[in-house]
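The values are calculated or read from the model by the stated rules, or taken from the named source; none is laboratory data. Because the structure is predicted, anything quoted here is derived from the model rather than measured. Here the Cβ positions follow ideal geometry from the backbone for every residue, glycine too, while neighbour counts run over all protein chains shown.
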Amino acid sequence: MSIEIERKFLVKNLNFKTESFKKNYIKQGYLNADKNRTVRVRISDDNAFITVKGKSNAEGTSRFEWEKEIPVSEAKELMLLCEPSLIEKHRYLVIKGKHTFEVDEFLGDNRGLIVAEVELNSENENFEKPNWLAKEVTGELKYYNSSISKNPFKNWI
């Protein structure tokens, strides 16, 4: 069993793009988007994965995560079974200090939403914060990808 520990932040400007060392396109959907357990299918460029995540702890920083690579052809078939709607985004990887931030710039119905995540080894681990980070949204369910697939960002404004 693997535990994912991460913190999530909104992003206040596009400066992360010049600091990024990698960008890829991601399309994902949810076979189950229940807050207690999610089952996600993701295609990231030429790779595909199925991921199961458990319920987050009270702070929203830790939860069970299991992931397995699958053929892209199977992921495309599974996406036909996903709950509405699919999420599309560009993911930028940015190194700051000893950590890599994953910055997701959402597309389609979630255009305008930009969220950065950093994975940690422990819940109280210190990390260097880039100057483009804004409000911390760790544990705020509405910013989970499984939530924005049901209630897209365009409906928030």
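Out of the residues in region 43-83 that are assigned to a strand (DSSP E or B), touching a residue at least 40 places away in the same chain (Cβ under 8 Å) and among the hydroxyl-bearing types (Ser, Thr, Tyr), which is surrounded by the fewest Cβ atoms within 10 Å (Cβ to Cβ)?
Ser44
Among the candidates Asp104, Asp109, single out the residue that is touching a helix residue (DSSP H, G or I) at 6+ places or on another chain (Cβ under 9 Å), within 18 Å of Leu14 (Cβ to Cβ) and not polar (S, T, N, Q).
Numbers: Asp109 fails: within 18 Å of Leu14 (Cβ to Cβ).
Result of the check over Asp104, Asp109: Asp104.
What single numbered condition from (1) basic (Lys, Arg); (2) under 15 Å from Ser146 (Cβ atoms); (3) modelled with pLDDT of 95 or more fails to hold for Lys23?
(2)
Restrict the check to region 121-142 and report whether at least one residue is farther than 27 Å from Phe21 by Cβ, hydrophobic (A, V, I, L, M, F, W, C) and under 13 Å from the mean Cα position of the chain (by Cα).
At the first step, the residues of region 121-142 found to be farther than 27 Å from Phe21 by Cβ are 124, 139-142.
Right, trim to hydrophobic (A, V, I, L, M, F, W, C) and you get 141.
Of the ones still in play, those that are also under 13 Å from the mean Cα position of the chain (by Cα) are 141.
Yes: one or more hits.
Yes/no matrix, rows are residues, columns are (1) free of Cβ contacts under 8 Å to residues at least 40 places away in the same chain; (2) closer than 16 Å to Ser56 by Cβ; (3) in a helix (DSSP H, G or I); (4) among the hydroxyl-bearing types (Ser, Thr, Tyr):
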{"site": "Leu93", "(1), (2), (3), (4)": "no, no, no, no"}
{"site": "Glu117", "(1), (2), (3), (4)": "no, yes, no, no"}
{"site": "Glu128", "(1), (2), (3), (4)": "yes, no, no, no"}
{"site": "Asn131", "(1), (2), (3), (4)": "no, no, no, no"}
{"site": "Ser146", "(1), (2), (3), (4)": "no, yes, yes, yes"}
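Which of the residues that make up region 84-94 are surrounded by 14 or more Cβ atoms within 10 Å (Cβ to Cβ) and farther than 18 Å from Lys8 by Cβ?
Matches in region 84-94: Ser85, Leu86, Glu88.
For region 95-115, which positions are more than 16 Å from the chain's Cα centre (by Cα), exposed (fewer than 15 other Cβ atoms within 10 Å of the Cβ) and part of a strand (DSSP E or B)?
Once the filter is applied, which keeps residues that are more than 16 Å from the chain's Cα centre (by Cα), exposed (fewer than 15 other Cβ atoms within 10 Å of the Cβ) and part of a strand (DSSP E or B), region 95-115 yields only Ile95.
Evaluate region 49-60: report whether one residue or more is closer than 15 Å to Cys82 by Cα and either at pLDDT below 95 or in contact with a helix residue (DSSP H, G or I) (Cβ under 9 Å, 6 or more places away or on another chain) (or both). Walk me through how you get there before you give the answer.
Initially, region 49-60 is screened for residues closer than 15 Å to Cys82 by Cα, giving 49-52.
Then keep just the ones that are either at pLDDT below 95 or in contact with a helix residue (DSSP H, G or I) (Cβ under 9 Å, 6 or more places away or on another chain) (or both); that gives 49-50.
Checking region 49-60: at least one residue is closer than 15 Å to Cys82 by Cα and either at pLDDT below 95 or in contact with a helix residue (DSSP H, G or I) (Cβ under 9 Å, 6 or more places away or on another chain) (or both).
With the condition kept exactly as written, say whether any residue in region 17-29 is surrounded by fewer than 18 Cβ atoms within 10 Å (Cβ to Cβ), of a type in the set (Asp, Glu) and farther than 22 Å from Asn155 by Cβ.
yes
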